[in-house]
Amino acid sequence: MPRTSLLLITLLCVILVGLQETVAFHNRNGHPRVSTALPNHRSNVASSSRRDFFANAASAVGGATAVGTLAAPGSVVAQAADTKAVPLSLPPIGLGCWAWGDAIFWGYNPSQDKDLNEVFDYVVAQASGGSNSATPNVLLDTAELYGLGRSESLIGEFSKNLSQEVQEKVVVATKFAPYPFRTKPENVVKACQSSLKRLGGNRPIDLYQIHFPNVVANEEYWDGLANAYEQGLVKAVGVSNYGVDALKACHTALEKRGVPLSTNQIQYSLLYRFPEDNGLLQACQDLGVQVLSYSPLALGLLTGKYTDVGSLQQVSGPRKALFDKTLENPQFQTLLDTMKQVASNHDNANVAQVAINWCRTKGTIPIPGARNLRQIQSNYGALTWELSKEEVALLDRAALFSYNTPDLAPFPRQDKTTGLVMFDS
């Protein structure tokens, strides 16, 4: 399929999802609602100070630990005074929840919810059995765009019986979708409030991110992030799919508001190394912005499951075109053979874990997805071993091509109002 055709398909998917979100989200059938513990609090949030939000949240639920909520109100109050001073702590790996609810790209249907609940329970077990360190053991990354809020609602539903102790070790990150009709700071705040409700409703979101650049209004979104932070809706803020220039501009704008830019979530893998080549990784490091690397398994290509065109029978949609092109490239087979060689050097290691650990050696936090227990166990298995310097160099030499290119991404390259370059990789 020509690149232009693939780009049009991707753009159409994004546009359709945006239109559907505005007219259908609140009327969808078959998806359980997640009720908020603060049903009458929404009108108070916009005018509350950061400290007032935490205090009001506790007051609204009586200041007691409630069974079936994400966290005890008491712990929220205790965090209020220190939130600004404490940098965001993240575990070495996360769980990307794009496929949780996304029918267009991943073929989701509600019959998969049992498997997804098992994945969630496995991840929570990592938090339950973790150390007493202040560093969280679990990172869940979702977005309002994923399944039109379905991904967030599933996390909220699965989380409702977590204890306060476990919840404190779980970081939930979600993202604001900058649709063309959203151009004001208050759009960010309102979307954040909606995400908060879907996620459970009674505690601030750990990390709230701008999902991708818009063709206009990007500076308005940064003000919206700062407003959400100051109002206590979120503990930390980040961006996603931001290039070098946009990252620096956003960092500066938030810094003026006294709000730290915690993360930049970008595509990065052995099959997509543009952030290395154009200086984006270095820019993040220089600014102290943590990098969340999404698609570290290249949409599944780096799992070892797909070795030739005949292995693509279960793959459809936009992924099929990318996979066809990649599997026909002899350099992919060379990379796959090298990954298998490296995996054989470590007990019980597999190709997917090699890909995940390579991202870790580059200073990023990979957030591979998982839709069943086998996949999530494999992902976390990467934490039981490490690549040697020699193995990293071997993989670097084998990763000589990309399965995708920045020009295929459906993100605006430039803010038409300010002229700022927003996306570069």
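Worth a mention:
- Normalised per residue, the accessible area of region 225-345 is 36 Å², obtained with a 1.4 Å probe and no contribution from ligands, DNA or RNA.
- Extension gain from N278 to K389, taking 0.36 nm per residue of separation minus the Cα-Cα distance: 37.7 nm
- Contact order, relative form, for region 196-268: 33 percent (alpha carbon pairs under 8 Å, 6 or more residues apart, mean separation divided by residue count).
- Heavy-atom accessible surface of region 100-220: percent carbon and sulfur, 1.4 Å: 49 percent
- Too-long pairs where the Cα-Cα distance tops 27 Å, listed order kept, from K175/K389; K248/K305; K160/K305; K160/K190: K175/K389; K248/K305; K160/K305
- The simple spin-label model puts a point 7 Å past each Cα toward its Cβ; for V215 and T417 those points are separated by 1.4 nm.
- Placing a label point 7 Å from the Cα of T361 along the Cα-to-Cβ line, the residues of region 270-296 whose backbone N sits under 14 Å from it are 270-271.
- Cα pair distances exceeding 11 angstrom across region 161-203, given as percent: 71 percent
- Whether region 181-249 is rounded, prolate or oblate, judged on the alpha carbon gyration tensor where a/c under 1.5 counts as rounded: prolate
- Potential lengthening of the chain between Q314 and L408 amounts to 31.5 nm, from the contour at 0.36 nm per residue minus the alpha-carbon distance.
- Label sites at F181 and N329, each approximated as a point 7 angstrom past Cα along Cα to Cβ, lie 3.9 nm apart.
- Relative contact order for region 303-425, counting Cα pairs under 8 Å that sit 6 or more residues apart, in percent: 23 percent
The values are calculated or read from the model by the stated rules, or taken from the named source; none is laboratory data. Everything numeric here is computed off the predicted structure, so don't read it as measured data. So basically every Cβ, Gly included, is an ideal-geometry build from the backbone, and we count neighbours across all protein chains shown. Heavy atoms of the whole protein, side chains included, go into the accessibility calculation; ligands, DNA and RNA do not. Shrake-Rupley method; radii C 1.70, N 1.55, O 1.52, S 1.80 Å.
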